[in-house]
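The values are calculated or read from the model by the stated rules, or taken from the named source; none is laboratory data. Being a predicted model, the structure only gives us computed values, none of them experimental. Methodologically, a virtual Cβ is constructed for each residue, glycine included, from the backbone with ideal geometry; neighbour enumeration extends over all protein chains shown. For accessibility, only protein heavy atoms count, side chains too; no ligands or nucleic acids. Shrake-Rupley method; radii C 1.70, N 1.55, O 1.52, S 1.80 Å.
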Amino acid sequence: MLTNSFDDYKLSDDIKRALSVLKYDTPTEVQREVLPLALQNQDLVVKSQTGSGKTAAFGIPICENIAWEEKKPQALILTPTRELAAQVREDITNIGRFKRIKAVAVYGKEPFSKQREELKHKTHVVVGTPGRVIDHIDRGTLLLDEIKYLIIDEADEMLSMGFIDDIEAIIQALPTNRVTMVFSATLPTDVEKLCYKYMMTPTNIEIASTGIVTNTVDHLIIETQEEDKISLLKDVTTVENPDSCIIFCRTKEHVDTVFAELETSGYSCEKLHGGLLQEDRFAVMNGFKTGNFRYLVATDVAARGIDVDNVTLILNFDVPTEKESYVHRTGRTGRAGNKGKAITFATAHEEKFVKSIERYIGFEIRMMDAPEQAEVARNMPAFQEKSSGRRVVKNNKTARINQDIMKLHFSGGKKKKIRAVDFVGTIAKIEGVSAEDIGIITIKDTMSYVDILNGKGSLVLQEMKDATIKGKKLKVSKAIK
Ligand code: AMP
């Protein structure tokens, strides 16, 4: 079936509205293949690469099929990295925004207690890395008896990172009458074995039209010497003058050096590697998404899970030693039909890695010459002009979907026996406001938060100043996020 619009699927208005705000107008190929089957709760094994729209391919049916009233988690999504878990949580929250789907991410290096608190509240979807998911299961803080969907995302990566035992342990703890969907860029035998063992006659879907790397990216290589890389980097960035760029290095030390060099030269840049605190890593990633800086210098930590719509240029300062890593790095650009460029700096010593990458991706990466000094000089004024301005983010999906939302803080919660229905009952009675305008409600012991959608926040704030909830007068204010 060839479908050109999300209207062709049986989706509720809440989901369709979110897709329209996200500007998902036409389903991508993987979505066209997966949606009809996933909406009918079939087990699926899907071979598709990052950037193909696979998160929404499972996110849309999950959000659609979830019963909002149920308090316990109904979907569990496993991802190989913390960054990807955070990204998937954000995507699910965006798709489910108007249905008020609550998604929680759980991963290591973040306090267990914070996640335990989150999981105590109504949670529809849990996204997590295997180790931390097991911790929560073992300690009884993640309840599994209502899980209807298990998604294993980037299964090949997860298995190559050695998570097989963890994944099997999680699967065995889940209800058997669930739907399982496995997404993987490649299907090595260990992934196939896993699927065979735990899935009910799954349907195989292979997204064949693109190769392992997307054809929206121009792949280039420049031969250089190690000691010339920094000046080559400055020349290339001047000539390319990208709106946004990720510079990938092999080690933390290289990241530190390259970052220091660029910062001294006045580049708008930040760095990201595994040696930074998780909190700082998220802050840097969010800063990059919102356009606070133009150049991100990173190790492979950032090769997954960064979803910034307009990364226009990927620079491999070092050739990745793992061929898969090349695919993930370059997959950060040319996403969702946009054009992108990936330039790799290669020394003679790195030749063997290049060859292995080329065998893996199935084509030779085109050689290009280092820019001539005259060309650099010619491009300098434009480069300097762009450097002096702030990066404009054209398409921050989360900001767009949240733009009409105001979070209100109420000075009472569980201790006053207040429940979500009490808020809905009172707020929906305000003239001009309906239950549709109420978003996620979070009730804590002594306070509550209510998201008001559709630009009606000020109206509700005003009206609630004099109203009572369950006969109690609560202080209401705009929440500080
Ligand atoms: P993914 O493969 O899930 O990492 O998604 C790649 C990118 O495509 C993300 O930026 C998504 O937000 C975006 N995307 C997913 N589905 C669509 C769609 N139908 N139309 C436009 N963009 C999409």
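So the values come out like this:
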item: Distance between the range 434-453 and the range 1-65 - C-alpha centres, whole angstrom; result: 28
item: DSSP beta bridges in the chain [antiparallel fraction, %, rounded to 5]; result: 20
item: P(r) of the chain over all Cα-Cα pairs, binned every 10 Å from zero, in whole percent; result: 4, 19, 27, 25, 16, 7, 2, 0
item: Projected label distance in nm at Leu220 and Glu240, using a 7 Å step from Cα toward the beta-carbon; result: 0.8
item: Burial order of peptide ranges 154-162, 50-58 (average beta-carbon count within 10 Å, highest first); result: 50-58, 154-162
item: Spin-label pair Asn204/Glu146, simplified geometry with 7 Å Cα→Cβ offset, distance in nm; result: 3.7
item: Solvent-accessible area of Ile167 with every protein chain in place, 1.4 Å probe, in Å² to the nearest 10; result: 0
item: Computed accessible area, His409, all protein chains, 1.4 angstrom probe, square angstrom; result: 50
item: Helix-only mean residue ellipticity at 222 nm for the chain, each DSSP H run of n ≥ 4 adding -39500 (n - 2.57), per residue, nearest 500; result: -11500 deg cm²/dmol
item: Angle in degrees between helix 189-198 and the longest Cα principal axis of the chain, rounded to the nearest 10; result: 10
item: Stretchable slack from Asp25 to Ile164, in nm (0.36 nm times residue separation minus alpha-carbon distance); result: 46.4 nm
item: Between helix 278-290 and the chain: long-axis angle, C-alpha atoms, 0 to 90°, nearest 10; result: 80
item: Longest to shortest principal axis, alpha-carbon extents of the range 6-206, angstrom; result: 42, 39, 29
item: Inter-label distance for Leu461 and Lys339, nm, one decimal - labels placed 7 Å from Cα along Cα-to-Cβ; result: 4.4
item: Burial order of peptide ranges 108-120, 133-145 (average beta-carbon count within 10 Å, highest first); result: 133-145, 108-120
item: Full-extension gain in nm, Met380 to Asp445, via 0.36 nm per residue minus C-alpha separation; result: 17.6 nm
item: Cα-based shape type of the range 82-132, given that a ≥ b ≥ c are square roots of the gyration tensor eigenvalues and the cut on a/c is 1.5; result: oblate
item: Heavy atoms of Lys414: accessible area, 1.4 Å probe, square angstrom to 10; result: 90
item: Highest average packing first - 249-255, 425-431, Cβ atoms within 10 Å; result: 249-255, 425-431
item: Length added when fully stretched, Lys472-Lys429, from 0.36 nm per residue minus Cα-Cα; result: 13.9 nm
item: Between 0 and 90°, nearest 10: helix 351-361 axis offset from the chain longest Cα axis; result: 50
item: 12 Å reach of a label modelled at Ser265, 7 Å along Cα-to-Cβ, counting backbone N of the range 218-258; result: 228-241, 258
item: Neighbour net charge for Pro73 - beta-carbon separation under 13 angstrom, K R +1, D E -1; result: +4
